Amino acid sequence: MTRSPLRLLAMLALLALTFVVVACGGSDEGGDSGKTSNGSTTAGKKGGKLEQLGASDVDFMDPAITYYTGGFQVLYATQTTLYAPKPKGADYDVVPALADGQPQISDDKKSVTVKLKKGIKFAPPVNREIQAKDIKYAFERAATKNVPNQYTSYFNFIEGYPKKPSAPGTEIPGIVVDNPYQITFKLTKPLAPGFAAFLIMPVTAPVPKEYAEKFDKKNPSTYNENVIASGPYMVENDAQGKLVGWKPGKSIHLVRNPNWNKDLDYRPAYLDEIQMTTNATDANVAGRQVLQGQNLVLDANPPAQILKRVVQRQKDQLVSLPGGGFRYFPLNSKIKPLDNLNVRKAILAAFDRDAAIKARGGSFVGQPGTHFLVPGIDGFEQAGGDKGPGYDFLANPKGDMAVAEKYMKAAGYSSGKYDGSNELLLIAANVDPGKAQAEVAKAQLEKLGFKIRMRTVPQDAVYTEWCQQPAKKVAICGSAGWFKDYNDPQSMLEQTFKGSNIHPEGGNNNLGQLNDPKIDKAMDAAAPLEGKERYQAWADIDKMITAQAPAVPFIWDKTNLIHAKNVNAVGDAYFTAFDFAFTSIK
């Protein structure tokens, strides 16, 4: 269960816009007087056209492939997934969308059954009712070589799932259409609770086989330019279904789906249309236009000076959402002296996490992390909430040299500082804020006597060419982050800290190479659990991981979004963007 490095880098790029937000309201923490407004989800004015300014296009329109925030924003307005996020202040609920009720999990945790609502239709030109066969085809096409995607690790344990990408048209026997309105997924492992949580994701949007298979026979599939909507909105298309409303790199035009039935949907869909500008490259100009204009929103975190102005003077035009992820400095436990637990604890104790956060922009871009389950993820409170598990080496966000020296002495360094000769390689992005935060990390490590060789590389090479490659012997990854794909603690902790997920040949997401058999065993035991028992088990695992000090958890991200005064702007904490299906014009 992994979040693509590309998605991570996209988040890095978006958050780079907020670099060095100067102090607001006299506080060097950025200030936090008053509350931001996340518009009403239950009261809105019907009609009107909203324009979103931005510099980023969607990655894909195809629900089996899209993996960036922009793609999610369009998808959850134009498609009806089995389950979906419903905004709730700075949080969200997971509600049945195409599904009719909650997923049914078998006693042996090896199957999941979902009933579908009757009467929901595809947009033109397909126009027919959506049935279980359309969900089956959506999953099966995602397993083919013509539809490359980031989701297969979430369902490659379905019975009969191909070991390598299959040919178009290949059926998966473990996906069973029980009747036109019920589908069952049969699993080879007792992983049903995690799989059920996954059913919120884009790949669960229905795809009509009789329409899409001609596109899916091409390599790669061209369904991306011919996607059929199933939600309240659709990308404007022609009579054949081609998306004429999408001009890649320029704009996206969303209009109402004439087949949408408001009585069968949880989304109010107030707006008549949405125009997305995706080539507004000057974010400062776009930000000012949004704050001064009408019917406008900005697609991503505003630049530093814009954010400062909003925080100080126009906070009613700001929506702040938890980012659903953590940024961290992984400490490679395969490299001396980081293989010593007490050394790692000393580093966490000495580390000034506040300084690293300021390098990213101050408190409005996040708060100091104290463990690896983040706000908004089930299990967070059981793991200690904001305060964390209470370990002394994470007690002070500004760092505590006395505690650090205690652990260094326990590691065998009588002076309380490192006096060895090993040089540690720190890899970081060559642009801010990744570069700035890595420079802070270098300074923190040097306080304890470590010799650091910092190497900056292009942002897209941080993961794929360095931090994910164990053979490169990166001691500290200075630009790492991990963000939720959906609200489940397993998806946050398993890929990042399970020893059996270390891939020596590359593509490794366990950047600290933590390999603790007790933690792995606890993860295997927690995977089949449900409800509160599941959340408590993963919270306990989070505490076990944090106790091993595999990384400095320096920030839990926030996303800041701005809008015009006359917009009832509703942010969605699931995909950290404005939710078009709930936003309205005042």
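Where a number appears in this text, it was derived from the coordinates with a stated rule and is not lab data. What you are looking at is a predicted structure, and each value in this text was computed from that prediction instead of being measured. Ideal geometry is used to build each Cβ from the backbone, glycine not excepted, and the neighbour counts take in all protein chains shown.
Exceeding 21 Å between C-alpha atoms, which entries from my cross-link table qualify? They are K417/K451; K417/K442; K398/K442; K145/K250; K417/K473. Pairs exceeding 21 Å: K145/K250; K417/K473.
With neighbours defined as other Cβ atoms within 10 Å of a residue's Cβ, the residues D62, D238, D352, D579 order from fewest to most as D238, D352, D579, D62. The charge dipole of the chain, taken about its Cα centre with unit charges on the Cβ atoms of Lys, Arg (+1), Asp and Glu (-1) only, comes to about 500 debye.
Pairs spanning more than 29 Å between alpha-carbon atoms, out of K189/K532; K49/K214; K49/K484: K49/K214; K49/K484. The ranking of H371, H253, H563 by Cβ neighbour count inside 10 Å, starting from the fewest, reads H253, H371, H563.
Remark: the stretch 223-355 carries a charge dipole of roughly 720 debye about the Cα centre, counting +1 on each Lys and Arg Cβ and -1 on each Asp and Glu Cβ. Computing Rg/Rh (Cα atoms, Kirkwood Rh) for the structure here picks out one of (i) 0.97; (ii) 1.26; (iii) 1.00, namely (i). Projecting the Cα positions of I105, P173, L448 onto the charge dipole of the chain (unit charges on Cβ atoms of Lys, Arg, Asp and Glu, taken about the Cα centre) puts L448 furthest along the positive direction. In terms of Cα to Cα distance under 22 Å, which lysines are near enough to K186, apart from those fewer than 8 places away along the same chain? Within the straight-line limit of under 22 Å, K186 reaches these lysines: K109, K110, K115, K117, K133, K136, K163, K164, K209. Could you name the aspartates and glutamates whose alpha carbon sits less than 17 Å from that of K565, not counting residues in the same chain fewer than 8 places away? Once the sequence-local aspartates and glutamates are set aside, what remains near K565 is E51, D299, D316, D579. Projecting the Cα atoms of P302, V290, Q317 onto the charge dipole of the stretch 288-345, computed from C-beta unit charges around the Cα centre, puts P302 farthest toward the positive end.
Other residues within the sphere of radius under 15 Å centred on the Cβ of A404, judged by their own Cβ, net out at +2 (K and R +1, D and E -1). By the Kirkwood approach, averaging reciprocal distances over each pair of separate Cα atoms, the stretch 329-421 gets a hydrodynamic radius of 14.3 Å. Compute the acute angle (0 to 90°) between the alpha-carbon long axis of helix 283-292 and the principal axis of greatest extent of the alpha-carbon atoms of the chain; round to the nearest 10°. The answer is roughly 60 degrees. Between N219, Q182, Q240, the Cα set farthest toward the positive side of the dipole of the stretch 175-260 (charges on each charged residue's Cβ, about the Cα centre) is that of N219.
Fully extending the segment from N284 to Y181, taken as 0.36 nm per residue of separation minus the present Cα-Cα distance, adds 32.2 nm.
Local charge for Q382 was computed over the other residues whose Cβ lies under 15 Å away, with Lys and Arg +1 and Asp and Glu -1, and equals -4.
Near P96, within a Cβ-to-Cβ distance under 12 Å, what is the net charge of the other residues, with Lys and Arg +1 and Asp and Glu -1? Result for the neighbourhood of P96: 0.
Helix-only mean residue ellipticity at 222 nm, the chain, DSSP H runs n ≥ 4 weighted -39,500 (n - 2.57), per residue, nearest 500. What is it? About -7500 deg cm²/dmol.
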